[in-house]
Each structure stands twice: as structure tokens, then as C-alpha cells.
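Trainee: The structure is given below, and queries will be raised subsequently.
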Amino acid sequence: MRKDGGVWRATVNGVLARKVRLLLTALAVVLGVAFATGTYVLTDTLHSSVQQLFRQYTAGSDLIVRFHEPFAGGGGTRERIPEGVVTDVRSTPGVAAADGFVQGDAQFVAKNGKHVIQTAGFPTLGISWSRGARAVGPARIVSGRPPANAGEVAMDAGTAKREGFRVGDTVRVLATEAPATKYRIVGTFGLGNRNDLGVFSVAAFDTATAQRLFNAEGLVDWVNVRVKPGASVADVQTALSDRLGGQFDVDRAATVATQLRQPADEFLTILNYVLLAFAAAGVLVGGFIIFNTFTILVAQRTRELGLLRAMGASTTQVVGSVLIEAVAMGVLASALGFLAGIGLAKLMLVLLPHLGFHVVVEPLRVLWRTVWAAALVGVGATVLAAVYPAIRAARTPPVAAIADLRVTRSRPLVRRAIFGALIVAIGIGIGVWGLAGDLGTQYAVAVTFVGGFVVFVGIIVLGPLAARRLSSWVGSPLPGMLGVTGTLARGNAMRNPRRTNATAAALIIGLALVALVAIFAESFRTSIRSAVDDVRADYVISAPQLVGFSPRVATEAGRVPGVARTVSFRFDTGRIGTTDEIINGVSPKGLDDVVNLRFTEGGSAGLERGGILVSKQEADHFNVHVGDELDVEFPRTGIQQLLVSGIYQTRRFSGVFPIDFIVSDDLFDSGFGGGQQDTLVYVKTDSGSADAVGKALKQELAKPFPNVQVKTRAEFLAAREQTINQFLDVFIALLLLSELIAVLGIINTLMLSVYERTRELGLLRTVGTTRGQIWTMVCGESVIIAIIGCFVGIAVGLLWGWGVTTALRGEFVDRFSVPPLELGWFVVASVVAGLLAALLPAWHASRLDVLEAVAQE
């Protein structure tokens with residue numbers, strides 16, 4: 001007999017004989033591959049859409065002139081350019097045409113007049129429209145004409161279509177500092193070759209109106225330049241740089257488009273990593289299922305593999321035969337998962353507009369990287385999970401295999417105990433390094449998470465040592481509740497601790513991740529509640545997603561009878577040392593009336609004299625105390641030495657982000673330039689007039705400023721908690737993928753277990769066990785496995801949650817908190833899932849033919 005041919009035929013026959021079970025196992029991999037493929041295709045397509053959109057924003061220009069970046073090494077908001085520079089640019093040799101371009105924030109008010117048109121916090125832009133035969137700019141008329149006078153506006157065609165506006169309609173527009181003002185729509189437009197700008201809404205005004213609305217009289221944000229036909233763009237770029245001097249940047253339009261889209265690219269990159277993390281969780285859970293499946297299948301094929309060895313098959317051939325099955329299953333799962341992932345991405349792109357996230361639909365982007373990733377994930381995970389069972393099969397002596405004897409050893413458990421303890425110790429060491437080392441928040445979180453994962457691996461390695469005892473303890477109530485059936489269910493779970501451990505592991509990883517997200521969200525909520533408790537204001541005025549709004553809101557609110565104080569906050573990015581930091585500007589009078597900052601040193605009095613307030617955390621980081629000077633670099637005024645006049649503890653009274661550096665609004669405006677918007681306004685009312693003032697504030701601000709919301713302190717806190725809950729719901733929904741795969745694993749394991757115990761089940765039926773009792777026995781075994789997975793998963797999740805929350809302390813959370821009710825619901829849901837997972841195997845077990853089962857070898 002040709003050994004290779006015989007082994008190959010046996011392998012093929014083995015795959016075909018177990019195709020239903022292998023397909024069920026492959027489904028776990030299919031889900032993981034589909035999620036990974038869908039993530040890549042979705043984010044690659046969105047990247048392409050965003051890239052094309054920002055290219056249109058600079059369309060029509062060859063070069064763009066901007067003021068130099070304010071900070072060394074890049075960063076910071078660029079200053080505007082004096083309008084006279086446009087004349088210098090136009091007179092430069094090789095320049096065919098040049099126009100100044102002004103942009104700012106402009107929001108269209110919806111037809112109902114109650115809200116502004118905005119998509120998930122994305123920018124609502126206002127731009128200037130250059131006119132004339134040689135005008136340079138991205139805007140292109142779709143219908144009507146360009147705006148030419150005050151009181152006229154053009155609306156981007158996509159927003160006009162979605163919101164039902166037409167040329168000739170009247171629309172109210174909120175600009176950077178102005179209240180909602182009526183404008184007549186004289187045209188609709190696109191940018192470059194795009195009519196629909198997706199998540200962006202854009203209002204276009206004539207240049208003079210744009211400069212007035214965006215506080216840019218005599219200024220432009222940049223200069224769009226078109227080069228003469230036949231002239232070298234590089235030569236003109238050099239000529240402009242030489243003429244204008246080093247305070248200006250002259251870049252190609254494509255370079256500027258890339259820089260402008262960088263925040264969107266960063267967001268999509270983060271989204272990509274987050275979704276891939278969930279896909280990895282699904283693949284990891286699938287790996288445990290594959291491992292368990294092949295372990296059971298190899299055990300069931302002990303005699304078959306022994307016969308192959310006795311007929312001359314080598315150890316390598318036996319290992320190869322098992323791995324070939326794994327490769328076949330991995331290839332099939334990768335192909336199906338790849339196709340399912342493309343369909344999932346297409347479905348998401350169709351659903352996004354219905355969820356309020358308007359995207360410009362591009363052809364799906366399927367890169368070769370995605371193809372290789374799907375193959376690597378599907379085939380790689382499957383083969384890796386099958387390696388150990390294959391090696392175990394090859395090491396079984398032929399005589400023992402032919403006799404169908406199970407070779408048991410006690411020494412491997414000893415080695416497992418030592419190895420598992422070592423892994424746990426390494427994981428704890430990595431976690432301690434992440435928490436105690438000076439790694440920075442981002443790396444500290446990553447290292448701490450990796451440490452927790454290594455501890456999880458160690459627990460899984462140690463699992464079989466405790467699985468028998470845990471099964472006995474968890475299943476101890478069953479004999480009293482179910483009698484003999486409960487005893488059998490408990491005994492089945494105890495019989496093979498390795499199988500019980502591997503099946504529970506799939507649930508453990510899923511529940512651990514769910515618990516981690518729930519703990520982080522609860523810690524975030526607790527931190528916000530604690531900080532908002534220090535807010536003394538009766539009302540908080542803000543916009544959805546905490547976007548900016550006109551400073552005139554605070555002025556108008558202060559005029560309402562019964563208002564004692566209004567204190568506004570605004571923020572922008574400055575530089576302290578070598579780090580970009582968020583600097584907050586505040587109206588100093590009344591700060592202590594609206595927020596209890598809990599000063600540890602000094603107070604707020606020094607703000608009006610040009611001082612700075614620093615949070616305790618950042619004061620410790622920069623090693624400053626009250627009376628010390630702190631070097632703060634502003635985009636407009638450069639480095640200023642500010643006297644530290646107070647150090648405080650309350651950082652998160654904004655309800656979301658920490659506020660670590662506070663200066664007066666006058667100092668803020670001089671350092672960052674005009675046109676700054678507020679983010680929050682805190683309102684303190686006269687005693688006994690809070691209710692009346694609240695109604696008056698809402699009434700007075702509703703029409704001129706429909707973009708803001710007036711909330712009581714309790715309502716403001718509830719809105720922030722609702723945002724966190726939405727975040728939690730989305731993450732848990734994504735993690736349900738791994739839980740679904742874990743349920744498939746329980747189904748698969750129990751089905752294989754039923755097949756393995758066919759003769760035993762037949763004998764039970766012959767001695768009088770009913771179908772209902774068989775059903776109950778299998779379900780009881782599943783519940784035991786699910787409960788073990790729940791409690792160990794919650795324990796691992798608590799460890800992960802504590803570690804990650806501690807690493808993030810000071811950035812996102814200030815306190816560690818556990819949500820017992822939510823974790824309890826997760827446990828109940830998992831037990832129910834385990835019970836449901838047992839229904840199909842239990843039905844199959846109860847329907848076995850008694851005579852065939854007894855005759856089974």
C-alpha cells in the first residue's frame with residue numbers, strides 16, 4: 001500500500017464522514033472572518049469616500065497659501081492671512097489666478113425651526129464664494145446662482161435634497177458669533193465633482209458676508225492659487241515661498257487636502273482598530289471551539305488512527321491527516337466568511353444613512369490586504385487550534401489505539417499546574433509594569449490589557465485542574481432538584497475536565513470582555529456623577545455633542561430676569577512644554593459661584609490678573625505650585641509665562657472631558673485670536689427663581705439659538721449618562737458576536753459528546769430512562785458549563801476592568817466602580833443561552849434509536 005495515498009484517502013473520507021460537525025465548527029470561524037473582512041471593507045470604503053470628499057474641498061486649485069503652523073513641529077490653529085497678501089500672490093510670475101478663501105462654522109436651521117442640521121457632531125461649514133471669470137475655489141453651482149449680496153446663501157445640494165429646501169426658499173443660518181438669521185437660498189452647489197457632501201453641511205456666502213459672519217474682516221483663511229497653463233507648479237511654489245517669506249506655507253492642494261482630512265482619518269483608523277478587536281475576540285472564541293472539536297473528534301477516531309499507524313503511517317502522516325482536515329475547514333470558513341464580510345459591509349453602508357449618518361456611497365473597496373487577512377485569520381486560527389489535538393493523536397500508541405484504550409497520565413497535569421502558574425505570574429508582572437511604569441496612558445492601557453489577557457491564558461491552562469471540582473460544586477444542587485437525572489448531568493460535566501474547561505473558555509473570554517466594557521462605563525458614570533455634584537449652577541447650556549456655539553448665548557442668558565451669574569467655557573489647543581494641551585478660557589467673575597473646584601492651593605482670584613488655574617493632576621505632572629510660573633505657548637502670542645494662581649481637584653465638571661488648565665476669556669481670546677465659540681455656559685439663578693428662570697431661558701434662546709439646550713444640573717448629568725449608555729450598548733452589541741460563537745461552541749461540544757456517548761445513552765433508555773430525562777440530563781450539563789464560564793468570565797472581567805480603569809485614571813475616569821446589576825443580568829443571560837444551546841443536542845440525544853444505540857461500538 002502507498003502510505004501517502006492511503007492516508008490521504010482516509011483523511012478525505014474522514015472529512016466527508018464528519019462534514020456536518022465540521023461545518024458547524026466552521027461556522028464559528030466564518031463569523032469571525034466575516035466581522036474582520038466587513039470591518040476592513042467598511043473602513044477602507046469610508047476612507048476612500050473621505051479622501052475623495054476632502055480632495056473636492058481643495059478642487060480647482062494647484063497651490064494653497066496658508067499662515068505657518070504656530071507650534072514648532074506642527075500643531076495648533078493657524079492664524080488668518082491679511083487680505084492684502086492675495087494681491088502679492090496674484091502678482092507672482094506663473095500665477096494665473098488667486099482668491100482668498102474664508103471658512104467658519106455655519107449651521108442651517110431645519111424647516112421645523114427647532115433644531116440645526118448636523119450629522120453626529122461632524123462639522124457644519126460656512127465658506128466664501130469667489131466670483132468672476134478667473135475665480136479660484138472649489139464651489140460649483142448645481143442650480144440657481146452663487147451668492148452675491150448680504151442676505152443670500154447657497155446650500156450644498158446634498159443637504160438641500162435631504163432637508164427639502166429649494167432655490168428661492170428662506171432658511172435661517174447660525175454663524176460663528178451671530179444668532180439665527182434669515183437668508184434666501186439663491187443656489188445649490190457641490191464641491192469639485194461632488195454634489196452630495198455626506199456628513200458635512202456647507203453654507204456659501206459672498207466673501208464680504210463670510211468675513212463679517214466669521215469675524216474675519218480684512219482677513220482670509222488661505223489663498224487658492226491656480227498656475228498658468230504650461231508653467232511648472234514646483235517653480236511657482238518656490239517663487240511664492242521666496243516672495244512671501246518663512247511665515248507662510250505654500251503647499252500643493254493635494255497636500256492640504258490630506259492634512260485637512262487627518263482628523264477624519266484618525267477617527268476611521270480608531271474605528272477600524274476597535275472593530276478589529278471585536279473580530280479578534282470572535283476569532284479567539286472560535287479558536288477554543290475548534291480546539292475542543294478536534295480534541296473530541298481525535299478521541300472518537302482513536303481506533304481509526306491506530307489502524308493507520310499499524311498499517312505503516314508515520315507520526316508525521318497522522319499529524320498531517322488531522323491538519324489537512326483543519327486546513328480544509330479553514331479554507332472553506334475563510335471563503336464563506338470573506339463573502340459574508342463583503343455583504344456585511346455593504347449592508348452597513350446601506351444602513352448608515354437610515355441611522356442619520358449620511359455617507360457618500362463609494363464602490364466597495366476590497367484590498368488585497370483584506371483578502372490575505374481573511375485567509376490568515378480563517379486558516380491560521382483553525383490550523384493553530386488543531387495542532388495540539390493532532391500531536392496528541394500521533395503520540396497515542398498503535399496497540400492502545402486499536403484496543404480503543406484511553407491513555408491517561410497524571411504527570412501532564414503536574415506540568416500543566418506549573419506551566420499555568422508561570423503564565424499567570426508573567427501576566428501579573430506585565431500588568432504591574434503597565435500600571436506602575438511611566439509608559440503614558442495609551443501604552444499603559446495596552447500593556448495592562450495584554451497582562452490581563454496573559455493571566456486569562458494562564459487561567460485557561462489551569463482550568464482542567466479545577467474544572468472537575470467546579471463542576472461538582474456548581475452541579476451539587478442538581479441531584480436534589482432533578483434526582484438521578486441531575487446526578488448524571490453533574491457526572492457528565494465532571495467526567496472530562498479538559499472538555500468542560502475548553503467549552504467554558506469560549507464563554508469566559510466573551511463575558512470577560514463584556515464585563516470589562518460594563519465596568520469601564522460604570523466607572524466613567526461614577527466619575528462624572530462625582531464631578532457634576534461639584535457644579536453649583538442651576539442650569540447648564542450646551543449644544544449636542546458639546547460642539548461650539550456663539551458667545552452671544554451667554555450674553556442673552558445673562559439678560560434674563562432672575563439670572564445671577566453666567567460663566568462660559570471655551571477651549572482650544574495650546575502647548576505646555578513639548579505637549580499639546582487643552583486650554584480652557586472662562587469668564588472669571590462668578591466662577592466659584594457655579595463650580596466648586598475644590599482648591600488645594602490658592603484660588604480663582606488670580607485669573608483676572610492673567611494667572612492660570614491648574615488641576616492637581618497636571619500640577620503634579622509639571623511639578624508646579626501656586627506662585628510658580630508656567631510656560632504656555634499660544635498660537636497667536638507665542639510663549640507666555642503665566643503665574644499659577646490656583647490648583648484644584650474637580651476636573652470633570654464638563655460632564656465628559658477633563659478641564660486641567662483654565663485662563664481668563666480675555667487672555668484666551670488674545671492667545672487664540674477672535675471668533676472663538678463657547679462650549680458650556682453655567683447659569684446661577686437668584687434664590688427661589690430657578691423654575692421661572694429655566695422656562696424663560698428656554699423661551700428666549702429657542703428662536704435665535706436653536707442649536708443650544710438648556711438643562712438643569714440633573715438633566716445635564718442624565719444626558720451625559722445617556723451618551724455613556726449608548727456607548728455601552730454599541731460595544732456590548734458588538735461583543736454579542738463572541739457570545740454567539742460561544743453558544744455555537746456549546747452546541748457543537750454537546751452534539752459531539754452525545755455522539756460519543758451513543759451507546760451509553762442507549763443503555764440508559766433500556767433501563768427505563770425517558771426521553772424527557774435524557775433531555776434534562778443534557779440541558780443540565782450545559783447549564784453547569786455555562787455557570788462555570790459565567791463566574792470565571794466575570795472574575796477575569798473584574799481583573800481586566802480594574803487594571804484598564806486604573807491605567808486610564810485621570811484621563812477618562814477618576815474612580816473604579818462595578819455595576820452589580822448589569823453583571824448579574826449578564827450571568828442570567830449566559831445561563832439562559834447555555835440552556836438554549838443544549839436544546840438541539842438534547843433533542844438529538846432523546847431521539848436516538850435504542851437498538852442502534854446499544855449496538856454502537
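The values are calculated or read from the model by the stated rules, or taken from the named source; none is laboratory data. Since we're looking at a predicted model, the values are computed, not measured. Here the Cβ is made from the backbone with ideal geometry for all residues, glycine too, and neighbour counts use every protein chain on show. These accessible areas exclude ligands, DNA and RNA; they are computed on the full protein's heavy atoms, side chains included. Shrake-Rupley method; radii C 1.70, N 1.55, O 1.52, S 1.80 Å.
Trainee: VAL454 accessible area, nearest 10 Å², 1.4 Å probe?
Mentor: 30
Trainee: By accessible area of protein heavy atoms, probe 1.4 Å, what ranking do TYR273, TYR388 get, highest first? Mind dumping the intermediate values first?
Mentor: On the way: TYR273 150, TYR388 105 Å².
Correct descending sequence by accessible area is TYR273, TYR388.
Trainee: If you don't mind, there's one more thing I want to ask. Based on the mean of other beta carbon atoms within 10 Å per residue, what is the order of 663-669, 615-621, 347-353, most packed first? Write out the running numbers ahead of the final one.
Mentor: Details: 663-669: 20.9, 615-621: 18.1, 347-353: 14.4.
The densest-packed peptide leads the list: 663-669, 615-621, 347-353.
Trainee: Give me the percent of DSSP beta bridges within the stretch 609-719 that run antiparallel, rounded to the nearest 5. Walk me through the intermediate numbers first.
Mentor: Values: 8 of 12 bridges.
Of those bridges, close to 65 percent are antiparallel.
Trainee: Of the listed peptides 240-250, 90-100, 489-499, 55-65, what is their order by residue-averaged count of other C-beta atoms within 10 Å, with the highest listed first?
Mentor: Working: 240-250: 14.9, 90-100: 18.9, 489-499: 20.6, 55-65: 23.3.
Top of the packing list down: 55-65, 489-499, 90-100, 240-250.
Trainee: At 1.4 Å probe size, what's the solvent-accessible area of GLU633? Round to the nearest 10 Å².
Mentor: Its accessible surface works out to 40 Å², give or take rounding.
Trainee: In Å and on Cα atoms, what radius of gyration and Dmax does the stretch 462-574 show?
Mentor: Calculated on Cα positions, Rg and Dmax stand at 28.5, 79 Å.
Trainee: Please report the accessible area of VAL517 (heavy atoms, 1.4 Å probe, ligands and nucleic acids excluded) in Å², nearest 10.
Mentor: 20
Trainee: Sticking with this one: To make sure I understand the rule: partners must be aspartates and glutamates, Cα under 16 Å from the Cα of LYS703, and not fewer than 8 residues away in the same chain. Which ones qualify?
Mentor: Those aspartates and glutamates meeting the cut-off are GLU177, GLU556.
Trainee: So which chymotrypsin sites (Phe, Trp or Tyr not before Pro) in the stretch 418-489 are both in a DSSP loop and have at most 15 other Cβ atoms within 10 Å of their Cβ? Working shown, then result.
Mentor: Values: sites: PHE419, TRP433, TYR443, PHE449, PHE453, PHE456, TRP473; in loops: none.
Here no loop site has a sparse enough neighbourhood.
Trainee: Could you derive backbone 3J(HN,Hα) for the stretch 107-117 from the dihedral phi with the Karplus parameters 6.51, -1.76 and 1.60 (θ = phi - 60°), listing whole Hz in sequence and x where the residue is Gly or Pro?
Mentor: Values, residue by residue: 10, 7, 8, 4, 4, 6, x, 9, 8, 9, 8 Hz.
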